[in-house]
Structure formats: structure tokens, C-alpha cells
1. THR80: crowded, with 18+ Cβ neighbours inside 10 Å, of a type outside the set (A, V, I, L, M, F, W, C) and part of a helix (DSSP H, G or I), yes or no?
2. Please verify whether the stretch 64-72 includes one or more residues that are at pLDDT below 85, under 30 Å from LEU16 (Cα atoms) and open to solvent by 50 Å² or more (accessible area, probe 1.4 Å).
3. What number goes with the only condition from (1) at pLDDT below 85; (2) open to solvent by 20 Å² or more (accessible area, probe 1.4 Å) that ILE129 does not pass?
4. Can you pull out the residues in the stretch 89-123 that are without any contact (Cβ under 8 Å) to a residue 60 or more places away in the chain and either surrounded by fewer than 18 Cβ atoms within 10 Å (Cβ to Cβ) or part of a loop (DSSP other than H, G, I, E, B) (or both)?
5. For the subset of the stretch 1-60 comprising residues that are without any contact (Cβ under 8 Å) to a residue 12 or more places away in the chain and assigned to a loop (DSSP other than H, G, I, E, B), which member is surrounded by the fewest Cβ atoms within 10 Å (Cβ to Cβ)?
6. Given the conditions (1) under 22 Å from the mean Cα position of the chain (by Cα); (2) over 19 Å from ASP123 (Cα atoms), which single one is not true for GLU76?
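The values are calculated or read from the model by the stated rules, or taken from the named source; none is laboratory data. All of these numbers come straight from a predicted model, not from anything done at the bench. Here the Cβ is made from the backbone with ideal geometry for all residues, glycine too, and neighbour counts use every protein chain on show. These area figures cover heavy atoms from the full protein model, side chains too; ligands, DNA and RNA do not enter into them. Shrake-Rupley method; radii C 1.70, N 1.55, O 1.52, S 1.80 Å.
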Amino acid sequence: MTSPTPDPIDQVAAYLTVATDQTAPADLRETARRTAADLMARHDITPAAARAACGTRHSRLTIATHPVPGADGHGEARATILIGIAEALHCKGVHQPAPAPHDYGVVLLGTAAEVRAARRLTDGIFADIDNTFPAGGPELPEILTSYGKTTADAIRRRYESPEMDPTHQTRLTALLAARFTHLDTITFDPDAHRPTTSKRGLIRQLIDVGHTPTSADDSGSAATDAR
């Protein structure tokens, strides 16, 4: 299914967000600035309307690059956790591959509150896993994949709807296209490492689904019951 074509105002908001993204290449930022100005002129969009479309504070459109540990060769699995949780929080995520032992990158796109919630939640997940399992253990890919999928599913149940609002979907589609003109993502099979029965029990013990951040959590940490 193809995504709806974004309205000009959504495209302007996307290009203005890219124009201020300090992680984007300088030439891309300049191109985004000129494209936004051209769209505003062609569609009679005022600066005030453009600023409103970009959002404010917690609803502000955001592009954030996050490194994930890759020294043990499992950077891709960790990145997939972060992207899966971000998408459950109605964001978009793009893999930025790097060979071990370098940090593997993830670019998150969404509202400021939801991008922050995804990052904080996965930081806690990575810390729990690192404290429980030895680095480089053969069971680590299975644990990483299962842990992230279970947490993302808990978030979706909390939202009570797996579908992203169509208006928000078009905004993120525009933002993704503006930031990644030649999108090159890596797919990762979430069922590649099916957990054993004992691992499922351990995973459920590890995950504190009683503290799942949501978009309603302005501070980035919530005490919502996702069970």
C-alpha cells in the first residue's frame, strides 16, 4: 500500500526540519532550505503557518541520530530493537550500518516526545541485557530480538491501535523523503531468532512493562501499565 501524497504544508515542515538537522550533510540542509522556500512561495504558505506545521516543544518534528553498541557484532540487532520500539511509538527509523567494533547508527524521525521516549526505553533495555548476559554470548541475538519485540508489542497494546494516524503518517513520509533522498535501509527478520520456552520466561522477567513511555509522557518516563 502506498502512502498518501503529503500536502505542501507537510512538505514544507519536513524540509525546514531537515534544514535545521545538524547531523545532515551541509549541502542537503541547504537544498532543504531552498526547497522549503520555493514551496512556500508557490503555495502561499506564510512563515507562521510553516512554523506551526513543524510543531512546538514535544510535538516538534525531530530527526535524531543515535549510536548503539556494536563492539560484540550485534549492533544490527540492537538497532532493530530501537527502530521497532520507535515505530511502536509512531516514529520512523533508518539503519545506519557500521562494521564491528564501531557503533551502529540509527536515525529516528518523529515528534520530539516520542523520539525521546524510544531512546530512553531502549537505553534501559540495553543496560538490563548487558547486566544479565555476557558480551558475545551465543544466545545474545535471540535475547535481543525477543526482548525488543515483546516490548514493542506491549507498547502497541497500550496504544490500543497499531495503525498510525494518517495525518501523522503523511508528515513522517514527507520527513523521511526529505532527509533520505536515496533511502538505503537494512531489513532484519524479527523472527530470525525464535526464543526457547526458557528464554521467553527470562525475557518476561527482565522486561518492566509497568513503565512504558508513551507520547502522553512529556518528561520521557511514564508509569503506565502496559500489561
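1. When the stated conditions are applied, THR80 passes them.
2. Checked against the condition, which is being at pLDDT below 85, under 30 Å from LEU16 (Cα atoms) and open to solvent by 50 Å² or more (accessible area, probe 1.4 Å), the stretch 64-72 yields no hits at all.
3. Going through (1) at pLDDT below 85; (2) open to solvent by 20 Å² or more (accessible area, probe 1.4 Å) one by one, ILE129 breaks only (2).
4. ALA98, PRO99, ALA100, PRO101, HIS102, ASP103, ASP123
5. Here the residue is MET1.
6. Result: GLU76 passes all but (2).
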